[in-house]
Amino acid sequence: MYYQQPNYYYGYYPYPVPAYRVPEPIPTDEIQRISGEATWTMGGESTKCGLSWSTNNHMTVAVGNNSPYTCGQRIRVRNPETGKAINATVVDTVHGFPNNRINLHRRAFEALGANPNQGILHIEIEPVRDEEEGRKGEYLQEIVQTAFSQANVRGYDFLGKTEDTSSFVTENYNFFVQTNEGDYSVRGTVSFHPESDQIAALNLEII
């Protein structure tokens with residue numbers, strides 16, 4: 001049994017859904033974590049952002065139409081109960097959602113260690129800062145997902161970058177990989193020329 005709005009499907013929630021207080025807007029130039037709630041969806045063929053729900057290996061999210069988070073922006077969503085976190089890409093908006101409520105793709109919901117049958121998940125939300133992004137995170141994530149095709153890559157942390165004397169930039173990432181047997185991390189390193197975008201070296205290592 002599901003709650004249903006156009007293009008959105010929510011897991012059954014057996015109790016009356018409490019009213020949501022709309023918090024003060026989050027300044028986009030400040031980093032702060034807020035507590036909120038997440039539901040889940042299987043997505044739809046079209047989104048208000050023009051981005052597919054399959055973006056970022058389905059680590060995707062819809063936010064309120066007045067949210068400070070914008071289309072294509074990545075936000076960090078954490079389940080305080082399990083400690084699991086993902087970086088989700090904003091691909092859609094939902095009219096009337098307060099700033100502390102989001103709608104995750106089902107795969108993202110499950111990547112947080114949640115059972116879809118619970119319907120609503122208490123989470124923490126914060127924007128991913130520019131310095132946490134790097135340039136090659138999504139590129140490398142696609143390669144990790146291909147290399148570990150039977151697993152689910154649920155996000156990554158940007159660990160930093162270095163520049164060498166040959167003008168190449170090296171970026172380091174930690175990818176979170178989820179399997180039926182358990183979770184593990186993959187360290188990814190990619191070196192590239194910042195102007196031509198030419199890839200010089202790439203390395204993946206299970207840690």
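Every number in this text was worked out from the coordinates using simple rules, so none of it is lab data. What you are looking at is a predicted structure, and each value in this text was computed from that prediction instead of being measured. Quick reminder, even Gly has a Cβ in these numbers, built from the backbone with ideal geometry, and neighbours come from all protein chains shown.
Computed from backbone phi with θ = phi - 60° and the Karplus coefficients 6.51, -1.76 and 1.60, the 3J(HN,Hα) list for region 84-97 is 7, 9, 9, 9, 9, 8, 6, 10, 7, 10, 10, 5, x, 5 Hz; x is used for glycine and proline.
In order along region 170-179, phi translates into HN-Hα couplings of 10, 10, 10, 9, 10, 9, 9, 10, 10, 10 Hz, rounded to whole numbers, per the Karplus curve 6.51 cos²θ - 1.76 cosθ + 1.60 with θ = phi - 60° and x for Gly and Pro. The phi torsions of region 66-81, fed into the Karplus equation with coefficients 6.51, -1.76 and 1.60 and a -60° offset, translate into couplings of 9, 5, x, 7, 10, 3, x, 6, 9, 10, 9, 10, 10, 9, x, 6 Hz, rounded to whole numbers, with Gly and Pro shown as x. For T93, the residues 5 or more places off, or on other chains, whose built amide H falls under 5 Å of its own are K48, C49, V63.
Taking neighbour counts of Cβ atoms within 10 Å as a proxy for exposure, in what order, fewest first, do V91, V169 appear?
Values: V91 24, V169 18.
Lowest count first: V169, V91.
Full extension of the chain segment joining E205 with T162 gains 13.6 nm, where the gain is 0.36 nm per residue of separation less the Cα-Cα distance. Residue exposure proxy: I143, I206, ordered by other Cβ atoms within 10 angstrom of their Cβ from fewest to most, comes out as I206, I143. Shown for R154, R129, R107: other C-beta atoms within 10 Å of each C-beta, ranked fewest to most, produce the order R129, R107, R154. Near A200, the amide H atoms lying under 5 Å from its own belong to S191, F192, H193; only residues 5 or more places off or on other chains count, and H is placed 1.01 Å from N.
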